[in-house]
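Structure first, commentary second.
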Amino acid sequence: MLSPHLADFLKRLQQAEQLLRVEAEVSADLEIAEITRRVAASAGRALLFDNVCERTGAVATGLLASERRVCLALGADSLDAAADQIATHLAASDLPAPRVAATPACQQVIELGRDIDLVSLPLLRTTPDNAQAALGGAWLTTADPETSDPGTLDPATVQTALTPCDALVQDRRALIITWCDRDPLAAHFRAAQRRGGRLPVAIFFGGPPALALLASPAWQLGRDVYAVVGGLADGTFEVATCRTHPLLVPAESELVIEGQLDTSDAAHEARTATLEVEMITHRTGPRLTAQVPGGPADEPAQLRRTAARLALPRLRAGHRAIRKLVCPDWAAGEVLLVAIEKRHAGEPREVAALIASDATFVRLRFLVLVDDDVDLADERQVWQRVASECRPTTDVIGSPHALGDEVPAMLAFDATRPWPEVDRAGRDRQTSVEQIRELVTARWSEYGMP
């Protein structure tokens with residue numbers, strides 16, 4: 001069963017000896033990030049820092065930085081089993097609608113006005129390049145201003161729109177929010193901009209850890225992610241209605257930040273806007289989550305690799321040629337190897353277009369397509385096939401995501417055999433070695449050989 005909230009997941013990690021609690025006083029300014037990177041590089045446990053210097057609350061890092069911990073979050077024995085379960089629930093028509101909790105845990109404490117202080121939260125500065133602390137492990141939810149009733153939000157009919165929160169602390173009561181054009185936030189921001197108003201936003205920490213793997217495919221397929229979570233958790237998922245605006249967040253969230261985004265033209269051109277915080281609600285003693293970037297072993301890279309594997313059943317449903325896929329560990333989720341069963345000449349381009357259009361692969365840079373007789377686990381075999389079959393003039397496919405300058409174009413390398421299978425000289429590639437040997441033996445005297 002899927003882990004429904006952070007407290008449950010931390011308990012699972014503790015029982016599985018996958019969590020290390022750090023009681024020594026540590027700084028949110030670079031120190032926690034450096035500790036997390038070193039532990040991730042050695043495939044260590046998730047970390048919970050209980051004593052963050054001059055901050056209120058604890059912070060957890062590396063929660064989903066290993067395949068085993070991802071399986072614990074999804075309540076599955078393996079990623080393959082989880083992929084099948086997720087595909088089934090994304091396609092289901094009878095998922096239980098979320099239920100609004102009467103007394104949500106995320107609203108045990110309410111902070112308004114001068115009590116709001118983002119600087120006091122255990123938000124991390126992860127690199128020297130960032131002058132401010134970042135919100136790297138939270139989710140941002142919005143509602144479409146053109147279709148939602150500003151006075152109510154019915155959890156039985158709404159499709160929750162979640163965007164990974166990419167934000168920096170500007171001051172005690174303001175955040176700088178950044179997004180890319182495929183995020184739900186981008187569409188809702190433009191709609192609010194057309195209406196000439198501000199966009200209500202809620203940011204929450206501590207929802208179901210599996211949201212990191214479910215939010216994008218659910219949104220792309222038009223499913224409510226809270227309903228999908230409820231189905232995978234074998235029950236109805238409880239949500240809370242924010243107190244300043246009718247937005248829905250997980251009732252068991254650790255902390256919720258409510259506010260409104262400025263929708264000026266200049267802000268949208270930069271895909272950046274200022275969030276003016278109106279209220280913070282949280283549990284007593286909240287525990288925040290943070291993702292620390294830092295290379296192929298970090299949590300964001302692990303999540304991209306995992307999301308790709310979980311997408312396999314959905315991709316197979318979209319194109320019958322797809323058989324297997326692998327994200328190499330060293331590639332930080334930016335390279336994808338795909339084996340296909342090729343039935344006609346245009347299939348590699350069709351598969352490349354399908355993958356380029358999938359929200360799971362928005363950060364993908366390079367796609368390598370090979371025939372399904374190639375062992376994707378043997379990268380030497382993969383790259384040998386690229387060297388022998390991929391011609392730069394015809395077999396390199398440029399697939400821009402068309403999402404804006406901050407999202408790189410994807411290049412696909414078609415390393416499948418030509419169709420029909422003829423070699424560069426036009427001879428049948430399937431002619432067996434034995435047939436050639438028989439031919440040469442029969443004609444040996446014609447060659448003038450002794």
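Residue selection: Phe205 satisfies the criterion of being aromatic (Phe, Trp, Tyr) and in contact with a strand residue (DSSP E or B) (Cβ under 6 Å, 6 or more places away or on another chain).
Any residue at all in the stretch 222-241 that is surrounded by fewer than 24 Cβ atoms within 10 Å (Cβ to Cβ), of a type in the set (D, E, K, R) and over 23 Å from Ala91 (Cα atoms)? No, that holds for no residue. Within the stretch 120-133, being outside any loop (DSSP other than H, G, I, E, B) and either crowded, with 16+ Cβ neighbours inside 10 Å or over 30 Å from the mean Cα position of the chain (by Cα) (or both) holds for Leu124, Arg125.
Here Glu276 fulfils each of the conditions (1) touching a Gly at 6+ places or on another chain (Cβ under 6 Å); (2) modelled with pLDDT under 90; (3) under 30 Å from Gly196 (Cβ atoms) apart from (2).
Across the stretch 93-118, the number of residues qualifying as among the hydrophobic types (A, V, I, L, M, F, W, C), surrounded by fewer than 16 Cβ atoms within 10 Å (Cβ to Cβ), out of contact with any Ser or Thr (no Cβ under 8 Å at 6 or more places or on another chain) and more than 24 Å from Leu199 (Cβ to Cβ) comes to 1. From the list Ala24, Ala28, Ala33, the lone residue that is touching a Ser or Thr at 6+ places or on another chain (Cβ under 6 Å) and more than 21 Å from Ala73 (Cβ to Cβ) is Ala33. The condition (being more than 27 Å from Asp181 (Cβ to Cβ), surrounded by fewer than 17 Cβ atoms within 10 Å (Cβ to Cβ), under 24 Å from the mean Cα position of the chain (by Cα) and modelled with pLDDT of 85 or more) is satisfied by just one residue among Ala377, Ala387: Ala377. Yes or no: the stretch 214-232 includes at least one residue that is in a strand (DSSP E or B) and either closer than 20 Å to Gln291 by Cβ or outside the structural domain of Leu315 (by TED's automatic domain parsing) (or both). No, the stretch 214-232 has no match at all.
For the stretch 283-305, a residue qualifies if it is over 17 Å from Gly136 (Cβ atoms) and at pLDDT below 90, and the qualifying residues are Pro296, Arg305. Here Glu258 passes the criteria (1) farther than 19 Å from Cys106 by Cα; (2) in contact with a Ser or Thr (Cβ under 7 Å, 6 or more places away or on another chain) except the one numbered (1). Those residues that are in a loop (DSSP other than H, G, I, E, B) and under 14 Å from Leu2 (Cα atoms), I need them from the stretch 44-96; list them, please. Selection gives Leu64, Gly75, Ala76, Asp77, Ser78. For Pro145, the stated conditions do not hold, so it cannot be described as modelled with pLDDT of 90 or more, part of a loop (DSSP other than H, G, I, E, B) and buried (at least 20 other Cβ atoms within 10 Å of the Cβ).
The values are calculated or read from the model by the stated rules, or taken from the named source; none is laboratory data. Note that the coordinates shown come from a computational prediction; the quantities given were computed from them, not determined experimentally. Every residue, glycine as well, gets a Cβ built from its backbone with ideal geometry; the counts of neighbours run over all protein chains shown.
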